[in-house]
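Input: a single structure, listed below in structure tokens.
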Amino acid sequence: MTDPNSLPAALSEKVEIPESISGLEPVRSVRSPIRLVYDFVPSPPVQQYLRSYSKKKILGHRSPVDGAVFVPPRGVDPRHGVLIDESVELSDRGHVGNFCVTHLPIPGRDDLDIPYVSAWIHLDGANVGFLGLVAGCENDEVHIGMRVQAVWKEEDELGNTAENILYWKPTGEPSVPVEKAGNRAWEHTNE
Amino acid sequence: MSELEKPLKAELTVEYPFTRTTGEVIGAFMTGLREKRLFGIKRPDGSILVPPLEYDPVTSEPLTEMVEVAQSGVVETWTWVDPPRPQSPWDAPHALALIRLDGSDTSMLHAVIVGSPLEMKTGMRVTAQWKEDRVGHIADLEGFVQEIEKADS
Amino acid sequence: MSEVNSFRDVAVVSVASYQTKTLSEVNEVQLMADLISKCRNSVGVTQEDIGFTCSGSSDFLAGQAFSFVHTLDSVGAFPPISESHVEMDGAFALYEAWVKLQIGEVDTALVYSYGKPSAGSVIDVLATQLDPYYVSPLWPDCFSLAALQARLLLDNDLITLEKMAEVSMRSQKNGFDNPNAVRSSEDVSFDDLMNEPVTVDPLRASDISEIADGGCAVILAAGDKARSLCERPAWIKGIDHRVDSHTLGVRDLTRSPSAFLAAEKAGVSDDRIDLAEIHGITSAQELILEKEFGLNEKTLVNLSGGSLASDTMMASGLIRISEVASRIISDEADRGLAHATSGPCLQQNLVCILEGE
Amino acid sequence: MSAELTAVLGVGQTKYSSTRGDVSIAGLCREAAYRALEDACLDWKEIDAVVIGKAPDFFEGVMMPELYLAEALGAVGKPILRVHTAGSVGGSTALVAASLIQSRVHEKVLTIGFEKQSESNATWALSLPQPFSVSINAGAGGYFSPIIRQYMSRSGAPDLIGCMVAFKDRQHALKNPYAHLHQNDLTFEEVVESPMLWNPIRYSETCPSSDGACAMVLGNEKSGDKADKPVAWIHGTAMRSESNNFPGRDEVNPLASRQCAADVFKQAGITNPLKEIDAVEIYVPFSWYEPMWLESLGFAEVDHGWRMVEDGTTSLEGGKLPVNCSGGVLSSNPIGASGMIRFAEAALQVRGMAGDHQVDGAKKSFGHAYGGGAQYFAMWIVGAEKP
């Protein structure tokens, strides 16, 4: 194995720095900031999805192939590459398919107490999960299969955004068994 | 279209304060800029490349012999930038040109500071104009101005 | 590629493309799902019949890291697929797929690419492509750099403003029959174009490509598989790409050595060229390319209107290939050249020679 | 028609570190490229084409940097390709380079992966907040932690398996002069006691952020036969991708991973990977992925991969299947190069050139990379002998 501390032969010749600057503190780095601004325009199904939040409704997309329901709507079924245009209204209740207890701050979310729990929320009627914050209980009470429901912002604070849901809180209902929670539910119904 | 029906839209800003380490050759050129000097680097055939690269731009072999070049040269080609690009070092319309400095065998891209495109001509002689505050950056060079104007001032 | 003839016969058998000024009814994922479905359906294949998939796109253009991961949804990648992605124009994805087909283990490939420059300022985005120490911090835009190139050509009497206007007129008139052409006109006149004000000195608005959103999908197949899928496949007789130095001050900008070399290696001079689709961001670049490719008046250039009429970064090159291929598949032409470019002032170039049987 | 036999003729790496403050981007890449050329006893003129890979361009803020790097990497007048397949990119890049030779398009190809993460901040580049959506996903750790939790729950693995992997890889790194992390005095207790970041992932169980480049020269059968130094012959190559977040997706053991492994082992004629492979370099950015991938790849039975960690099977110190002898991604992570390092380290093992972290007599080794939400896979098997 070659020695990482000796340069390859071709690069070992020293650079001749002109005398006029050779005794000066050399520049070692340059700053080159970049700022690019993009228009973020959600696709039409996502537009509809975001608008429905202002009415405290959550929309999913139903695949024409086998009826699987995706939330948020992606406009296509990612397994088959076919376009989806059928929307379905989903419950604002579901279960925790899986979760993460994060001990690091997130840029732009100073409001979050550390550690916090983010979870894949599997809504009743949906066949994939989407990310949400779980609160209203101790972090160590959160578990796979725990039943949760959305806690919405006050009516007058509702906008066209998924941020209308402040967090998901436990409902106290019996938990979904681990083997039927999250993505495993689909395998189960297909058996 | 009612307010409700207008498509939702938001600005997404991608912004990074990049700090690039230069290595010796680019660093020496930047040091030169800070000191109001321009350097090139010698290629195996003896020709001079400005600004200098660590490697030959055709054969990729390492280059190591840095040399100073003149601060005046000739505009090989140019265009007019109006309005100036938002993040560029320039606030006013200006020419963008490839300039071959005396003593260099290649040309470098920079601005020529003149009032209007009518003052620009391929082949015109220009000379470097420096910023007051220099940090070792390509924009330490404010740009180039017509050589004759500098002689007058 | 060295000996063109020793390679496996591979053809374009199906194409689908779409370009528009601003994509608003659908996003890139839905657009590509639609184009890929059309492309597969028209030759009766499903994704499971496809041996290799390769795409091209840019995170910087999309304003999102790993943007291509989302677009994988449009293919329908389950069951899993053999797949790769280049951060390059789709024409280079097609090259990678062609290489894969040469190995002989698979017989079909899906290639796609897309871009949505309307989401941001593409000319600022492109400035980040330049030398990060000496050039990018000055934020020169791609059309200004192309203008430096055009002036060199004009100053050296290699082209004229009249020649440039003729190229623009050709683009606008040819584009009139192409629904994907964003800038086209049935009755634009030479005088109109000559009298247009200069926008990026010495270029006029019509000398500069019209930036558009869009995408393209192409299916490749080898040998008998191609013949079974398509009555008249567009056979790839040669494909090659080359790159020049990035440093503008080192290059002779009146030429594009990499375009010349790629065309030569792809076999441009082996036979006549009925039609060519060439990819330049200015009329002056089209003139450089015509010369590098040795095209004469017998070749119909940019029947689609070319990239001057609709320029979709990351897809324009693949669209050039699809335009030539579709005219061969429909028996309007026998042999054509398609070209893609990338980088400032024609730095990197790909040439593909297609032929019908 | 069959594929041209392809060999790794040369490998070059840079010393991985958090900041390579002494070089430009080109300078970093050239260091690896020259080492690979010198290892292969070749110069720029003898290279037919260049294939570059790196992760998102936002890391360095240079869009399509292969254009700026063309002349730094001997590509002027030649073909140059740029691959990007998320975290697996280093592996995919090597496979694209290999395909250029397997297809007989070229005879000798230089391939390089790099990242100069110190130019910006990787976490920012990866977690650009999306308007209208809830911003609670804290990077890759936040994504992979639930999947690891699911693995732990379904396999019944003891809690400290992840720490054992991390400790083992950092010990391996001490034998690799190119590794970023050289933690001479690290104790297992320190690994266990390091702060929890994304429960169950501790700080010590994550990869560092590194500057670095890795390059390889690949050649056809003739150039492999002619080489002065030992070469690594490619026995199998495979890539697979699958969509993310669909109903029924097995995130712990994705089908794309299983199919990719099945394909590459079939090509190499391997029926019992555990027995027939001598050294393994797999992409483990979070320690728990070692047992998870060992199962997915078929080196261990499902839910039993952790036992190989526990009983020392994957250790260079007398283990039957040494895994990540280089120290792995857990010890060096220049993202765009990380996959290629796995492939290059696999090649060094069968060439007998891995120095202090050499597995004695390694004849066949396995290189692996993955990316996205465990959606993109690239794998190769290399051998000391021709296939």
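Residues in the stretch C:300-346 that are over 14 Å from the mean Cα position of the chain (by Cα) and under 23 Å from C:ALA147 (Cα atoms): C:PRO344, C:CYS345. Has the stretch B:8-26 got any residue that is free of Cβ contacts under 8 Å to residues at least 60 places away in the same chain, in a loop (DSSP other than H, G, I, E, B), away from chain D (no Cβ under 11 Å) and more than 24 Å from D:VAL62 (Cβ to Cβ)? Scanning the stretch B:8-26, I find no residue that is free of Cβ contacts under 8 Å to residues at least 60 places away in the same chain, in a loop (DSSP other than H, G, I, E, B), away from chain D (no Cβ under 11 Å) and more than 24 Å from D:VAL62 (Cβ to Cβ), so the answer is no.
Checking D:PHE343, D:PHE377, D:PHE366 one by one, the residue that is away from every other protein chain (no Cβ under 14 Å), modelled with pLDDT of 95 or more, assigned to a strand (DSSP E or B) and within 13 Å of the chain's Cα centre (by Cα) is D:PHE366 and no other. For C:LEU23, state whether it is crowded, with 21+ Cβ neighbours inside 10 Å, at pLDDT below 95 and more than 8 Å from every other protein chain (Cβ to nearest Cβ). Yes: the conditions hold for C:LEU23.
Taken together, A:GLY172, A:GLY108 contain a single residue that is free of Cβ contacts under 8 Å to residues at least 60 places away in the same chain, exposed (fewer than 14 other Cβ atoms within 10 Å of the Cβ) and touching a Pro at 6+ places or on another chain (Cβ under 9 Å), which is A:GLY108. Take the conditions (1) in a loop (DSSP other than H, G, I, E, B); (2) modelled with pLDDT of 95 or more; (3) not acidic (Asp, Glu); D:ASN244 misses just one of them, which is (2).
Taking the criterion of being more than 7 Å from every other protein chain (Cβ to nearest Cβ), in contact with a Leu (Cβ under 8 Å, 6 or more places away or on another chain) and within 19 Å of C:THR128 (Cα to Cα), would at least one residue in the stretch D:70-93 satisfy it?
no
What about C:ARG272, is it of a type in the set (Lys, Arg) and at pLDDT 95 or above? So C:ARG272 does not fit the description; no. Evaluate the following for B:THR79: is it crowded, with 19+ Cβ neighbours inside 10 Å and outside any loop (DSSP other than H, G, I, E, B)? Yes: the conditions hold for B:THR79. Apart from one condition, D:ALA55 fits all of (1) facing chain C (nearest Cβ under 9 Å); (2) not in a loop (DSSP other than H, G, I, E, B); the exception is (2). Tell me, yes or no, whether the stretch B:78-97 has at least one residue that is in contact (Cβ under 8 Å) with a residue 60 or more places away in the chain, within 14 Å of chain D (Cβ to nearest Cβ) and in contact with a Phe, Trp or Tyr (Cβ under 9 Å, 6 or more places away or on another chain). Within the stretch B:78-97, none of the residues are in contact (Cβ under 8 Å) with a residue 60 or more places away in the chain, within 14 Å of chain D (Cβ to nearest Cβ) and in contact with a Phe, Trp or Tyr (Cβ under 9 Å, 6 or more places away or on another chain).
Kindly provide the set of residues from the stretch C:100-124 that are on the phi < 0 side of the Ramachandran plot, within 10 Å of another protein chain (Cβ to nearest Cβ) and over 20 Å from the mean Cα position of the chain (by Cα), ordered by number. If the condition is that a residue be on the phi < 0 side of the Ramachandran plot, within 10 Å of another protein chain (Cβ to nearest Cβ) and over 20 Å from the mean Cα position of the chain (by Cα), then C:LYS100, C:LEU101, C:GLN102, C:ILE103, C:GLU105, C:ALA119, C:GLY120, C:SER121, C:ASP124 are the ones that fit. Of all residues in the stretch D:58-82, those that are touching a helix residue (DSSP H, G or I) at 6+ places or on another chain (Cβ under 7 Å), over 18 Å from D:VAL105 (Cα atoms) and outside any loop (DSSP other than H, G, I, E, B) total 3.
Checking C:ALA127, C:ALA91, C:ALA97 one by one, the residue that is within 11 Å of chain D (Cβ to nearest Cβ) and within 30 Å of C:ARG40 (Cα to Cα) is C:ALA97 and no other.
Within the stretch D:90-100, is there a residue that is modelled with pLDDT under 90 and under 23 Å from the mean Cα position of the chain (by Cα)? Let's see the steps before the verdict.
Step one: filter the stretch D:90-100 for residues modelled with pLDDT under 90, giving none.
No, that holds for no residue.
Can B:SER72 be described as within 24 Å of C:ASP155 (Cβ to Cβ) and more than 12 Å from chain C (Cβ to nearest Cβ)? Can you show your working first?
Details: within 24 Å of C:ASP155 (Cβ to Cβ): yes; more than 12 Å from chain C (Cβ to nearest Cβ): yes.
In short, yes.
Without any contact (Cβ under 8 Å) to a residue 40 or more places away in the chain, within 14 Å of chain C (Cβ to nearest Cβ) and buried (at least 20 other Cβ atoms within 10 Å of the Cβ): is that true of A:GLY81 in this structure? The answer is yes for A:GLY81. Within the set D:GLN259, D:GLN267, the sole residue that is touching a strand residue (DSSP E or B) at 6+ places or on another chain (Cβ under 8 Å), without any contact (Cβ under 8 Å) to a residue 24 or more places away in the chain and surrounded by fewer than 24 Cβ atoms within 10 Å (Cβ to Cβ) turns out to be D:GLN259. Being buried (at least 18 other Cβ atoms within 10 Å of the Cβ) and assigned to a loop (DSSP other than H, G, I, E, B) is true for just one of A:GLY136, A:GLY132, A:GLY145. Which residue is that? Sole residue among the options that is buried (at least 18 other Cβ atoms within 10 Å of the Cβ) and assigned to a loop (DSSP other than H, G, I, E, B): A:GLY145. If the condition is being away from chain D (no Cβ under 12 Å), among the hydroxyl-bearing types (Ser, Thr, Tyr) and crowded, with 16+ Cβ neighbours inside 10 Å, then the stretch A:1-60 contributes only A:SER52.
If you check C:ALA150 against the conditions, is it more than 30 Å from D:VAL23 (Cα to Cα), within 21 Å of the chain's Cα centre (by Cα) and crowded, with 24+ Cβ neighbours inside 10 Å? Even if it seems obvious, please write down each step before you answer.
Values: more than 30 Å from D:VAL23 (Cα to Cα): yes; within 21 Å of the chain's Cα centre (by Cα): yes; crowded, with 24+ Cβ neighbours inside 10 Å: yes.
So C:ALA150 fits the description; yes.
Rundown of residues vs (1) crowded, with 22+ Cβ neighbours inside 10 Å; (2) in contact with a helix residue (DSSP H, G or I) (Cβ under 7 Å, 6 or more places away or on another chain); (3) modelled with pLDDT under 95; (4) under 30 Å from C:GLY120 (Cβ atoms), yes/no style:
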{"site": "B:GLU15", "(1), (2), (3), (4)": "no, no, yes, yes"}
{"site": "B:GLY27", "(1), (2), (3), (4)": "yes, no, no, no"}
{"site": "B:ARG37", "(1), (2), (3), (4)": "no, yes, no, no"}
{"site": "B:GLY46", "(1), (2), (3), (4)": "no, no, no, no"}
{"site": "B:PRO52", "(1), (2), (3), (4)": "yes, yes, no, no"}
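For the stretch D:17-31, filtered to residues that are more than 9 Å from chain A (Cβ to nearest Cβ) and in contact (Cβ under 8 Å) with a residue 60 or more places away in the chain, the residue that is nearest to B:THR59 (Cα to Cα) is D:CYS29.
Residues of the stretch C:171-189 that are free of Cβ contacts under 8 Å to residues at least 40 places away in the same chain and hydroxyl-bearing (Ser, Thr, Tyr): C:SER185, C:SER189.
Quick one: which residue in C:PHE68, C:PHE60 is buried (at least 23 other Cβ atoms within 10 Å of the Cβ), more than 8 Å from chain A (Cβ to nearest Cβ) and assigned to a helix (DSSP H, G or I)? It is C:PHE68. Selection of helices (runs of 4 or more DSSP H) fully inside the stretch D:149-239 by the criterion of at least 1 residues being within 30 Å of D:VAL105 (Cα to Cα) and touching a residue at least 60 places away in the same chain (Cβ under 8 Å) returns D:221-226.
Taking the criterion of being more than 9 Å from chain D (Cβ to nearest Cβ), within 16 Å of the chain's Cα centre (by Cα) and over 30 Å from D:PHE132 (Cα atoms), would at least one residue in the stretch B:53-63 satisfy it? No, the stretch B:53-63 has no match at all.
Would a scan of the stretch C:26-44 turn up a residue that is in a loop (DSSP other than H, G, I, E, B), of a type in the set (Val, Ile, Thr) and within 18 Å of C:LEU220 (Cα to Cα)? Walk me through it before giving the result.
The first filter runs over the stretch C:26-44 and keeps only residues in a loop (DSSP other than H, G, I, E, B), leaving C:26-27, C:43-44.
Now narrow it down to the ones that are of a type in the set (Val, Ile, Thr): C:26, C:43.
Pick out the ones that are also within 18 Å of C:LEU220 (Cα to Cα) and you get C:43.
Scanning the stretch C:26-44 turns up at least one residue that is in a loop (DSSP other than H, G, I, E, B), of a type in the set (Val, Ile, Thr) and within 18 Å of C:LEU220 (Cα to Cα).
The values are calculated or read from the model by the stated rules, or taken from the named source; none is laboratory data. Since we're looking at a predicted model, the values are computed, not measured. Positions of Cβ are backbone-derived with ideal geometry, glycine not excepted, and every protein chain shown enters the neighbour counts.
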